[in-house]
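Note sheet for the following structure.
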Amino acid sequence: MALLEVKNIKKSFGSTQVLHDISFDLNKGEAISIIGSSGSGKTTLLRCLNFLERPDAGTITVDGKLLFDASDKNKFSEEEIRKRRLHFGLVFQNFNLFPQYTALENVMLAPKLLNEGDDAELKANAEKLLDQMGLSDRMGNYPHQLSGGQQQRVAIARALALHPDVLCFDEPTSALDPELTGEVLKVIRELAENKTTMIIVTHEMAFARDVADRVIFMDGGVIVEQGDAREVINNPKEERTRQFLSSYSKK
Amino acid sequence: MKTRCRKIVSLILAGLMTLSLAGCGKQSAAKDVDYIKNKGTLVVGITDFAPMDYKDDDGNWIGFDADLAKKVGEDLGVKVKFEEIDWDNKILELNNKTIDVVWNGMTLTDEVKNSMSCTDAYCTNAQVVVLPQDKADQYKDEDSLKNLSFAVEAGSAGEEAAKDKGLGYTSVDSQSKALMEVAAGTSDAAIIDLIMAGAMIGEGTSYPKLTHTVELTSEKYGIGCRKGSDLTEYINKEISKFYSDGTMEEIGKKYGVQEALIKK
Amino acid sequence: MFVEVTLSLLKGFLSTVELFALTLLFALPLGLLIGLGEKSKIKVISLPLKFIIWVIRGTPLMLQLLLIFYGPGILFGYNVWGGNSLGRFVAALVAFVINYSCYFAEIYRGGIQSIPVGQYEAGEVLGMTHSQIFRKVVLLQVIKKIVPPMSNEIITLVKDTSLARVISSYEIIWAGESFIKSAGIIWPLFYTGVFYLVFSGLLTLLFNYIEKRLSYFR
């Protein structure tokens with residue numbers, strides 16, 4: 001059984017329908033890449049998974065447990081939503097680190113507030129994660145003292161510190177200077193090699209092809225094509241996918 | 001550090017004192033009449049205070065004091081300009097030479113006489129207690145006033161009267177503010193000039209429900225010049241002249257203050 | 001004479017400082033409530049607050065003082081303040097608290113609005129409660145943002161306290177002016193400026209210190 005099952009998700013903002021009937025599965029240890037032009041609904045889909053938006057229809061199931069069902073009209077308590085969203089982690093395009101905390105404190109803050117262990121334990125864990133991100137010499141730095149690539153790696157460590165079942169990336173390199181994207185992609189690649197379950201929204205086609213197990217191509221709020229990463233990117237079956245990919249390679 | 005602070009403070013103070021002293025330099029004040037003749041205008045500091053100084057329908061300043069000042073201006077051969085001032089700042093204004101004379105039904109208190117050179121009194125006035133009409137019957141004599149709270153103009157003859165009689169009072173910044181205090185009930189009563197009371201309260205005024213009762217003190221009006229000014233003597237002479245040629249009587253009748261004039 | 005004047009002015013200055021401190025004590029939290037209320041999605045709360053802020057910021061504080069103190073007696077025939085010096089002080093305090101709350105509210109609102117929505121979202125996806133997000137993430141950033149405009153406003157308050165004299169709530173300027181009336185000397189009035197300068201100087205140092213303490217992040 002798949003770790004994550006997304007079924008028939010629909011979402012409108014006012015009269016604009018952004019997501020039409022989105023369904024897909026994700027297995028444990030699998031990395032999936034979502035590609036598509038801007039406005040195709042990729043980011044909205046990630047935000048729905050992280051409970052930052054509430055879908056109008058559909059269900060989200062993790063590990064056999066129904067997390068969200070739009071037909072259930074009961075309003076969940078804030079407490080309940082908080083518990084459920086912890087199945088997911090989210091890395092933002094703009095990092096959104098907390099500026100008043102050091103790299104280490106950024107990583108430790110949430111586990112500390114959730115009482116996930118004593119300070120020494122949490123600190124050791126955070127240091128391990130930052131070390132893994134190649135930031136062992138940057139732990140005491142504040143975000144404004146770090147480069148964009150370093151900030152994004154801190155943000156990844158921060159998301160990992162809560163041990164999410166599924167880690168989501170929302171265009172993790174789009175806000176970075178080209179020479180800084182490599183260090184972030186390298187870290188994500190290592191996560192994939194370590195079988196971290198991930199959903200990566202990205203514009204880096206080569207990266208999607210090489211790192212992701214599967215690729216989903218979205219356009220106009222629907223999934224146009226999905227399948228094996230190399231297959232979809234090297235030999236797309238659908239005309240729209242082909243157009244999108246060729247316009248990309250021209251750039 | 002400490003001594004340096006003290007030095008700075010004393011420097012600032014020295015600067016301020018020079019400023020304030022410069023305004024009342026005796027030498028220039030002694031030649032005030034020449035100074036005024038030379039610049040061609042006599043600037044009269046006033047407030048809106050009927051019937052002594054107030055505006056007619058066309059916005060020109062008239063009143064007993066205003067008309068008298070115009071007569072003096074004629075004899076000096078200069079134009080008379082009326083400048084409306086904050087009564088609290090009258091001494092500042094004089095010393096700053098933004099006005100040449102304070103001519104506004106000014107009661108000759110010790111404070112006034114200490115800080116200005118004043119003419120002989122030309123008019124008598126009384127300080128009266130102003131009360132809401134419905135309370136007037138209970139407060140007919142001085143003894144009954146002890147438990148009331150009063151509003152008086154700071155530095156006015158009314159304040160002196162309140163102090164002398166041992167009354168509880170609050171100083172406010174003008175006589176009209178004192179009336180507002182009574183109307184608002186924030187003070188039980190006010191002490192103001194009889195002449196002002198006649199014009200400001202009762203039927204047909206802004207304060208129809210107020211009336212005046214006990215007369216506390218009577219007082220004399222004078223005109224204030226800069227300390228050491230020769231203008232004081234000049235105005236004194238002018239006023240004796242106006243008494244003898246009947247001008248005083250005539251203007252007094254025009255504004256209903258003829259009874260209050262001090263005949264010489 | 002100098003000592004006598006200084007002591008008298010110090011006494012007046014004490015009232016000034018009392019009015020200043022109590023205004024801050026009440027207006028800082030009240031301003032936050034108004035600022036949050038003004039942002040509220042509930043129109044019944046936000047619209048009246050917007051109206052009040054418009055009126056208070058759009059009229060002179062002096063007029064508000066006169067209206068608050070004399071208004072009840074003149075308009076409704078009922079004096080709520082009493083006429084003694086305590087009543088006057090309380091009326092002045094009420095006027096200052098209302099006035100400054102509205103200015104502070106705008107500063108708080110600006111500070112809160114300047115925090116990017118991503119900060120809230122980052123807190124949310126990390127499983128924080130709304131109050132944790134406010135206390136642990138947003139608050140310090142807001143404080144850093146509002147310290148400069150707040151210090152401006154607070155130093156203005158030091159000087160604005162002199163307006164209390166229009167309802168005869170005595171403060172240092174009144175004490176200074178009283179020497180003109182009683183002794184015919186003018187310099188005490190200007191000397192009051194030294195007290196204001198020293199006080200606002202100390203406040204400036206304090207705010208510089210706070211700004212410096214918060215400069216470790218951006």
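The values are calculated or read from the model by the stated rules, or taken from the named source; none is laboratory data. Here the structure is a predicted model, which is why all the values come from computation and not from measurement. Please note: Cβ atoms are built from the backbone with ideal geometry, for glycine as well, and neighbour counts cover all protein chains shown. Just the protein is used for accessible areas: all its heavy atoms, side chains included, with ligands, DNA and RNA removed. Shrake-Rupley method; radii C 1.70, N 1.55, O 1.52, S 1.80 Å.
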Point to revise | Number of the exception - C:Ile154 against (1) in a helix (DSSP H, G or I); (2) away from chain B (no Cβ under 14 Å); (3) surrounded by fewer than 16 Cβ atoms within 10 Å (Cβ to Cβ) | key: (3)
Practice item. May I ask you to list the residues in segment C:33-58 that are open to solvent by 100 Å² or more (accessible area, probe 1.4 Å) and part of a helix (DSSP H, G or I)? Key: C:Leu33, C:Lys43, C:Val44, C:Phe51, C:Trp54, C:Arg57
**Study point:** Top-ranked residue of segment A:160-183 - restricted to ones that are in contact with a Phe, Trp or Tyr (Cβ under 9 Å, 6 or more places away or on another chain) and among the aliphatic types (A, V, I, L, M), ranked as modelled with the lowest pLDDT
**Key:** A:Ala175
Review point. Which residue pairs have Cβ atoms closer than 7 Å, lie 6 or more positions apart in sequence or on different chains, and pair a first residue in segment C:62-89 that is more than 11 Å from chain B (Cβ to nearest Cβ) with a second residue that is assigned to a loop (DSSP other than H, G, I, E, B) and at pLDDT 85 or above?
Key: C:Phe89/C:Ser169
Revision key, fill the gap. Among residues of segment A:92-127 being more than 9 Å from chain C (Cβ to nearest Cβ) and among the hydrophobic types (A, V, I, L, M, F, W, C), the residue nearest to A:Pro143 (Cα to Cα) is A:Ala103
Practice item. Mind listing whichever residues of segment C:65-93 are in contact with a Phe, Trp or Tyr (Cβ under 9 Å, 6 or more places away or on another chain), outside any loop (DSSP other than H, G, I, E, B) and open to solvent by 20 Å² or more (accessible area, probe 1.4 Å)? Key: C:Ile68, C:Pro72, C:Ser85, C:Phe89, C:Val90, C:Leu93
Check your understanding: Condition test on C:Val166, is it within 11 Å of another protein chain (Cβ to nearest Cβ), farther than 30 Å from B:Leu92 by Cβ, touching a Leu at 6+ places or on another chain (Cβ under 9 Å) and open to solvent by less than 40 Å² (accessible area, probe 1.4 Å)?
Key -> no
Check your understanding: Quick check: is even one residue across segment C:186-203 at pLDDT below 85 and of a type in the set (A, V, I, L, M, F, W, C)?
Key -> yes
Exercise for review: Might you let me know whether segment C:125-138 holds any residue that is basic (Lys, Arg) and surrounded by fewer than 19 Cβ atoms within 10 Å (Cβ to Cβ)?
Suggested key: yes
Check your understanding: Is it true that some residue in segment B:165-173 is within 14 Å of chain C (Cβ to nearest Cβ) and among the basic types (Lys, Arg)?
Key -> no
Practice item. State the number of residues belonging to segment A:138-188 that are of a type in the set (D, E, K, R), part of a helix (DSSP H, G or I) and open to solvent by 20 Å² or more (accessible area, probe 1.4 Å). Key: 4
Review point. Which members of segment C:94-129 meet the condition of being free of Cβ contacts under 8 Å to residues at least 12 places away in the same chain, part of a helix (DSSP H, G or I) and within 7 Å of chain A (Cβ to nearest Cβ)?
Key: C:Gly118, C:Glu121, C:Glu124, C:Val125
